[in-house]
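First the structure, in the form of structure tokens, and then the observations on it.
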Amino acid sequence: SQTIHQWPATLVQPVGSPLSLECTVEGTSNPNLYWYRQAAGRGLQLLFYSVGIGQISSEVPQNLSASRPQDRQFILSSKKLLLSDSGFYLCAWRQGLNTEAFFGQGTRLTVV
Amino acid sequence: GQQVMQIPQYQHVQEGEDFTTYCNSSTTLSNIQWYKQRPGGHPVFLIQLVKSGEVKKQKRLTFQFGEAKKNSSLHITATQTTDVGTYFCAGRTGNQFYFGTGTSLTVIP
């Protein structure tokens, strides 16, 4: 069966520090991968999605970036965090465009 | 740009009352999915609707897709405390799904 792993679960980082969140999927190949951010009490904002290795599409310009070094690995990064980067970050995958999305457990990031 | 709005943003109901959340898109959708996120958790897929005017039921939950494929609704009959959470719709346009703003449901015992 397929599983998705996302870590860390919680993270407190100072303003200006770098960020690296990792997501891996097991049990499938060539998944569509997504990074979402959910601010407190808000909806899901799509940040990046990837349909294949090295293919990244950005939905919202910001100081975050994403990379897909391997088929089932998706990384969200920042060189310098801002206070406004605080939120709940969710990684997700789906096999095809008409299939359900499976979400990771999420990372709660607090920038102080 | 693509927008998917949901109303209401928050809803408090007494246990046993019904609940409905509405999802509206600015453009025609290929299909729509619904997810539930429990407090502190991650969204979990509930259902997908594809056809114009489609209605699907899951026990006390009824999902509808509008005739114009621009709106959808989720209705819960006789809410229970286990229904607590945030309900999201996600509409597909082109190669992308756009999540609605979500409706947070609180059920008062």
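Which whole number gives the average, over all residues in B:92-98, of C-beta atoms from other chains lying within 10 Å of the residue C-beta?
Counting Cβ atoms of other protein chains within 10 Å of each residue's Cβ and averaging gives 4.
Could I have the simple spin-label model distance between B:I47 and A:S1, label points 7 Å from Cα toward Cβ, reported in nm to one decimal?
2.3
What's the FRET efficiency of A:L83 with A:N30 using the Cβ-Cβ distance as r and R₀ = 30 Å, to the nearest 0.05?
0.25
If you put +1 on each Lys and Arg Cβ and -1 on each Asp and Glu Cβ, how big is the dipole of the protein assembly as shown around its Cα centre, in Debye rounded to 20?
200
Charges only on Cβ, +1 for Lys and Arg, -1 for Asp and Glu: so what's the dipole of the range B:1-100 about the Cα centre, in debye to the nearest 20?
340
Using a Förster distance of 22 angstrom, determine the FRET efficiency expected from the C-beta separation of B:E15 and B:K57, and round it to 0.05.
0.60
Under a point-charge model restricted to the Cβ atoms of Lys and Arg (+1) and Asp and Glu (-1), what is the dipole moment magnitude of chain A relative to its Cα centre, in debye to the nearest 20?
Using only the charged Cβ atoms, the result is roughly 220 debye.
Peptide A:16-27: average number of partner chain Cβ atoms within 10 Å per residue?
Counting Cβ atoms of other protein chains within 10 Å of each residue's Cβ and averaging gives 0.
Identify the residues of the range A:55-76 with backbone N under 16 Å of a label point that sits 7 angstrom from the Cα of A:V15 along the Cα-to-Cβ direction, or state none.
Under 16 Å, as judged by backbone N against the label point of A:V15, lie A:63 of the range A:55-76.
None of the figures in this text is laboratory data; all of them are computed from the coordinates on show. This is a predicted model, so every value here is computed, not measured. In this analysis, Cβ positions are derived from the backbone assuming ideal geometry, glycine residues included, and neighbour counts consider all displayed protein chains.
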